[in-house]
Amino acid sequence: MKKFLDNMVSISLYGLMFCLLITIGGWKMETREIIAICLILGFFAGLINNIERVLRELFDKKGK
């Protein structure tokens, strides 16, 4: 359960970061479009971060 919550927090943080960047960038989109794009980008950024973390743990254990 801890791993799930950790992944959800990272996806949420990435989503908020993308939302902030899109809002600052001044793209002319509706609010629901910005939220949808940010959630999708946050999801994929969280997945990439999770894959990178798993690979790092795998190679750290393998190297010892």
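Being in contact with a Ser or Thr (Cβ under 7 Å, 6 or more places away or on another chain) and without any contact (Cβ under 8 Å) to a residue 40 or more places away in the chain is the requirement here; does GLY15 meet it? So GLY15 does not fit the description; no.
Across segment 34-51, not a single residue is classified as surrounded by fewer than 10 Cβ atoms within 10 Å (Cβ to Cβ) and β-branched (Val, Ile, Thr).
Only one entry in LEU5, LEU13, LEU21 is surrounded by 10 or more Cβ atoms within 10 Å (Cβ to Cβ) and modelled with pLDDT of 80 or more, namely LEU13. Of all residues in segment 2-33, those satisfying the criterion of being among the small types (Gly, Ala, Ser) and either within 13 Å of ALA45 (Cβ to Cβ) or assigned to a helix (DSSP H, G or I) (or both) are SER10, SER12, GLY15, GLY25.
The values are calculated or read from the model by the stated rules, or taken from the named source; none is laboratory data. Just so it is clear, the structure is predicted and the values come from calculations on it, not from any experiment. Using ideal geometry, Cβ is built from the backbone for each residue, glycine included, and neighbour counts are taken over all protein chains shown.
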